[in-house]
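What follows draws every value from the coordinates through simple rules; no lab data is involved. These numbers come from a predicted model, not from an experiment. When we count neighbours, we look across all protein chains shown, and the Cβ atoms used for this are built from the backbone with ideal geometry, even at glycine.
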Amino acid sequence: MKIKLKNLGVMKKAEFELGKLTIICGKNNTGKTYATYAFYGFLSFWRQAFSISIPDKLVDQLMKEGNVEIDLDGYIKNAKSILKDGCDAYTKRLPVVFASSEKNFGRSEFLIELNPEDIKPLESFKRNISSAQAQIFNITKLSGELKVSVTLLAEKEKIRIPEVIIKDAIADAIKEIIFGNLFPNPFIASAERTGAAIFRKELNFARNRLLEQMSANKQQLNLFDLLTKVYTDYALPVKQNVDFTRQLEDIAKQESFISKNHKEIIEHFSDIIGGEYNVVRDELWYIPKTSNRLRLTMDESSSAVRSLLDVGFYLRHVAKEGDLLMIDEPELNLHPENQRRIARLFARLMNIGIKIFITTHSDYIIKELNTLIMLNHDKPYIHQIRRDEGYLDDELISSSDVKVYIAEEALILLNGNQRKTKCMTLMPADIDSELGIEARTFDTTIEDMNRIQEAIIFEEEG
């Protein structure tokens, strides 16, 4: 799967692929956040952007006979066309995702390009559609079959829902079956997350606005259209952070698969923040490891504790296997030692089935990831280094699982022109299984600093 961007912010043309770990690095104002937000928006709303037509005759048959079978083969063969039309529809929504003027995206393009092997329908699927009174019908796909069975669960004379809702429910199920394995469920921590943590009680506009609109509108609601109408103040990832932090007391009642099956990862995260978050009688506290009696509000806690608040609750309460965890600048407010620790946390999450997507300015994070790649070799001296330095097997990374892109100016072909033009794009970085990631955006700066210091020292000695 290849994500292609055109005329998005400062980026004239760029593309990237998703790995188990995807990294975008580069200087400030080079388009890293634009690429990240655009991809996150698509993953959040592809179900609403995609259009699948359900023929009237199938609904008629369902209502007459109580059951209908739908062949998926035609939809699967048409997957690329469905995807292309969906990307076109999503591109028109970019001003909403970025909370910006439509004129800034008049020439923008967002496209996902698939290989034939990318389409892997869900092996099985089951969904019940209910009303307030009773179950109405179910939608089922059995393992090994390429057809969907829709069965009425209520007497057709008692069904009082519009046919358009039946069509939409069936179409949504087919979308999920065909594309559900392709697009991971995203969770994002934006660079503005620290402010959301401090003012989370005050920043409750998202929930209130949504509820007000839902109560005022008696017709069928489309979530994407609703967001288009009522959310205009902040970019989508920032709104999502606000919504998430506003509901932490309720979220704390859930338990993620990490909390159930990988408590060592929760402990790893607790070491990074030096304590743990706790909800007591609907109040959020930070409890440092140094004192079980001390409880701090977010206002009283360190900036590092605030910047990782939503990530901590995601890991403990929300995370599902197969998710995509996206973090804009994970190094925010972290000491270099904790930047190394969070790189190792990313590796452990990758190895239990969570994909990671980050933008970063941190040489420490890149270098630690390089170490995890370089240590992933079956050589006696490598084993000894791992033991001596305290690295665990579940922290090791394969270079083939990592995709790194540098946002920078480069010569590329634009709009079919034969001559290359210098413009902002994403350039893939070389990743070697022995040496790790070639992050030249950091290396050049470090080399300049070393050169200047060496000149000072040698001049003094001379």
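See the values below:
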| quantity | calculated |
| --- | --- |
| Degrees between helix 56-65 axis and first principal axis of the chain (Cα, 0 to 90, nearest 10) | 60 |
| Difference of contour (0.36 nm per residue) and Cα-Cα distance, Tyr381 to Leu411 | 6.6 nm |
| Relative contact order of segment 1-118, pairs being alpha-carbon contacts under 8 Å that are 6 or more residues apart, as % | 40 |
| Ascending count of other beta-carbon atoms within 10 Å, so fewest first, for Cys87, Cys423, Cys25 | Cys423, Cys87, Cys25 |
| Protection proxy ranking of 261-272, 343-354, 9-20, 439-450 - average other beta-carbon atoms within 10 Å, highest first | 343-354, 9-20, 261-272, 439-450 |
| Equivalent-ellipsoid semi-axes of segment 23-69, from the Cα gyration tensor, Å, largest first | 46, 8, 6 |
| Cα-Cα P(r), segment 220-379, percent of pairs per 10 Å interval | 9, 35, 36, 16, 4, 0, 0 |
| Around Lys141: net Lys/Arg minus Asp/Glu count, Cβ-Cβ under 11 Å | -1 |
| Fraction of the pair-distance distribution of segment 411-450 above 15 Å, Cα-Cα pairs, percent | 61 |
| Neighbourhood charge, 15 Å Cβ-Cβ cut-off, centred on Lys289 and excluding it, Lys, Arg +1 and Asp, Glu -1 | 0 |
| Estimated FRET transfer efficiency (Asp282, Asp60; beta-carbon r; R0 30 Å; 0.05) | 0.05 |
| Burial ordering of Arg340, Arg107, Arg193, fewest other beta-carbon atoms within 10 Å first | Arg107, Arg340, Arg193 |
| Only Lys, Arg (+1) and Asp, Glu (-1) charged, at Cβ; the chain dipole about Cα centre in debye | 1640 |
| Mean Cβ count within 10 Å, highest first, over the residues of peptides 279-285, 234-240, 297-303 | 234-240, 297-303, 279-285 |
| Net charge of neighbours whose Cβ lies under 11 Å from the Cβ of Ala189, counting Lys and Arg as +1 and Asp and Glu as -1 | -3 |
| Principal axis dimensions, largest first and in whole angstrom, of segment 44-114 by Cα | 51, 24, 17 |
| For segment 1-90, fraction of C-alpha pairs farther apart than 17 Å, in % | 63 |
| Percentage relative contact order, the chain, counting C-alpha pairs under 8 Å, at least six apart | 20 |
| Contact order relative to length of segment 111-192, as percent, for alpha carbon pairs under 8 angstrom and 6 or more apart | 31 |
| FRET E, pair Ala134, Val164, Förster distance 30 Å, beta-carbon r, rounded to 0.05 | 0.90 |
| Angle between the chain longest axis and helix 163-179 axis [Cα atoms, degrees, rounded to 10] | 40 |
| Prolate/oblate/rounded call for segment 336-462, Cα gyration tensor, a/c under 1.5 rounded | oblate |
| Bins of 20 Å from zero: percent of alpha-carbon pairs in the chain | 21, 52, 25, 3, 0 |
| Acute angle (nearest 10 degrees) that the helix 380-389 long axis makes with the longest principal axis of the chain, alpha-carbon atoms | 90 |
| Square roots of 5 times each gyration tensor eigenvalue, C-alpha, segment 80-174, largest first, Å | 34, 21, 9 |
| Alpha-carbon centroids, segment 304-343 and segment 1-58: separation in whole Å | 22 |
